[in-house]
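Undergrad: Got a structure for you, questions after.
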Amino acid sequence: MNKKIIEIIQPDDWHIHLREGKILDLVKKYSSRINNRCIVMPNLRTPITTSALAKKYIHEIKFKMNNELFDPLIPCYLTENLNLEDFENGLKNGIFIGAKLYPNNTTTNSKYGVKNIDKIYPAFEILEKNNKHLLIHGEKISKELTIFDREKYFIDDELTKIINHFPHLKIVLEHVSTKYGSDFILENNNIAGTITPQHMLITKEDVFYKDIINPHNYCMPVAKNEEDLISLRKSACSGNKKFFLGTDSAPHLIEDKNNVSPKPGIFSSPCSLELYAEIFEQEKSLYNLEAFSSINGPNFYNLPINKKKIKLIKEKWIQDEYTEENGLKIKNFFGGKELNWKVLQ
Ligand code: NCD
Ligand code: ZN
């Protein structure tokens, strides 16, 4: 019997971590396997807070990708003491695609993130005026809240205020992880969301067993309940223009994972598009994969839709357990497991 093949417009990844130096060397082949354009997150050890740092990082990525066409789009990492003139120039000159808000200490390398969001309203004003996007890690941390409540309280206590204050500001709620979050996106104007494969595949039971953590399924925002997973699948697979592909593939070395306090982040790049295809097929929505992966994102960012096409074949294969080279080792999401789709190279 002939194997099923689907063809879609080349996808973009609207949320990925490529890191720098040796880790970038190790993971770069996976992103360039599928994408020519990615939003590369600015949460490096020295976060990308100035246009000079962004230029240097763009240069490093382009040089290492060995592909002049590869287009890394960098949002500026917002801090409470940002140089606003440099920020605005960076936006105007196309060095920054927009800006990323990391609330303080919510995730990897967010210790320079924002403690008091009111203080960065001048940066939001600049974004709104220049029709540029605000990307948000939507979690609120407080002693009274569990790890599972952070998204909801961010939405209630911060995001609602931002939206009321800046009604024309285009916002992306990154890696939306709850039904509450996806409903909020549906109900409000000028806001869209990226959805990761992991939030449509695992729940908190895959992360925590009693008090034991599975570090390889641990990411921020943490996976939630079955009800959330179902809602995210429905949103992604609906074809609704407010939802698009952002893998949040976030590599960490194995020694930073097998640790008393493992770093959050799931590395899915070696099979992320294959996982999305599988999810869309399970939801009987393969015909909407292209909108989610290749059309809704560029439309929201006012960027051209790619011209090239890629093919996926329905074929069983086993994902390698690890990505490793030169003594560096990263656990692959779905490592050792069987997948049903494969991108045709
Ligand atoms: C990301 C990382 O490791 O940089 N981690 C994660 O759990 N998703 C940061 C982020 O997007 O929160
Ligand atoms: Zn991320």
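Undergrad: With both bridge residues required to lie in the chain, what share of the DSSP beta bridges run antiparallel, to the nearest 5%?
TA: So the antiparallel bridges amount to about 40 percent of the total.
Undergrad: May I ask for the net charge around PHE154, where only other residues with Cβ less than 12 Å from the Cβ of PHE154 are counted and Lys, Arg are +1 while Asp, Glu are -1?
TA: Charge balance near PHE154 sits at -3.
Undergrad: Could I ask something else about it? Roughly what % antiparallel, to the nearest 5, for the DSSP beta bridges in the stretch 195-345?
TA: Bridges in the stretch 195-345 that DSSP calls antiparallel: roughly 85 percent.
Undergrad: Mind sorting MET200, MET220 by how few other Cβ atoms lie within 10 Å of their own Cβ, fewest first?
TA: Listing MET200, MET220 from fewest to most nearby Cβ atoms yields MET220, MET200.
Undergrad: Continuing with the same structure: Over the stretch 1-144, what is the percentage of antiparallel beta bridges among all DSSP beta bridges, to the nearest 5?
TA: Of all bridge pairs located within the stretch 1-144, approximately 0 percent are antiparallel.
Undergrad: At what distance in nm do the modelled label points of ASP320 and HIS168 sit from each other, each positioned 7 Å from its Cα along Cα→Cβ?
TA: 4.9 nm
Undergrad: As an exercise, use a Förster radius of 35 Å and the Cβ-Cβ distance of ASN66 and LYS161 to find the FRET efficiency, rounded to the nearest 0.05.
TA: That pair, ASN66 with LYS161, gives E of 0.20.
Undergrad: Summing Lys, Arg as +1 and Asp, Glu as -1, what charge do residues with Cβ under 13 Å from the Cβ of VAL114 carry, VAL114 excluded?
TA: That works out to +1.
Undergrad: Subtracting the Cα-Cα distance from 0.36 nm times the residue separation, let me have the gained length for LYS55 to ASP183 in nm, one decimal.
TA: 42.4 nm
Undergrad: Can you sort THR106, THR194 by how many other beta carbons sit within 10 Å, fewest first?
TA: THR106, THR194
Undergrad: Using 1/(1 + (r/R0)^6) with R0 = 25 angstrom and r between the beta carbons of PHE148 and ASN259, what's the FRET efficiency to the nearest 0.05?
TA: Rounded to the nearest 0.05, the efficiency is 0.70.
Undergrad: Once every DSSP H run of n ≥ 4 in the chain is given -39500 (n - 2.57) and the sum is divided by its residues, what mean residue ellipticity at 222 nm do you get, rounded to the nearest 500 deg cm²/dmol?
TA: -8000 deg cm²/dmol
Undergrad: Follow-up. Excluding LEU286 itself, calculate the net charge of residues whose Cβ lies under 11 Å from the Cβ of LEU286, where each Lys or Arg counts +1 and each Asp or Glu counts -1.
TA: Taking every other residue near LEU286 into account, the sum is -1.
Undergrad: Over the residues of the chain, compute the C-alpha Rg and express it relative to 2.2 N^0.38 Å.
TA: 0.93
Undergrad: Here's something else I'd like to know. Check each of the GluC sites (Glu not before Pro) in the stretch 136-227 and keep only those in coil by DSSP with at most 10 other C-beta atoms within 10 angstrom; list them in order.
TA: Qualifying residues, ordered by number: GLU144.
Undergrad: Can you flag which of LYS28/LYS311; LYS29/LYS314; LYS263/LYS309; LYS119/LYS143; LYS92/LYS152 are past 31 Å Cα-Cα?
TA: Table pairs above 31 Å Cα-Cα are LYS263/LYS309; LYS92/LYS152.
Undergrad: Looking at the chain, which longest stretch skips every one of the trypsin sites (Lys or Arg not before Pro) that is in a DSSP loop with at most 16 other Cβ atoms within 10 Å, leaving the sites themselves out?
TA: It runs 144-209.
Undergrad: OK, next. How much FRET efficiency would the formula 1/(1 + (r/R0)^6) give for LYS329 and ASN190, where r is the Cβ-Cβ distance and R0 is 30 Å, rounded to 0.05?
TA: It comes out at approximately 0.10.
Just so you know, all these numbers are worked out from the coordinates, no wet-lab data involved. Everything numeric here is computed off the predicted structure, so don't read it as measured data. Please note: Cβ atoms are built from the backbone with ideal geometry, for glycine as well, and neighbour counts cover all protein chains shown.
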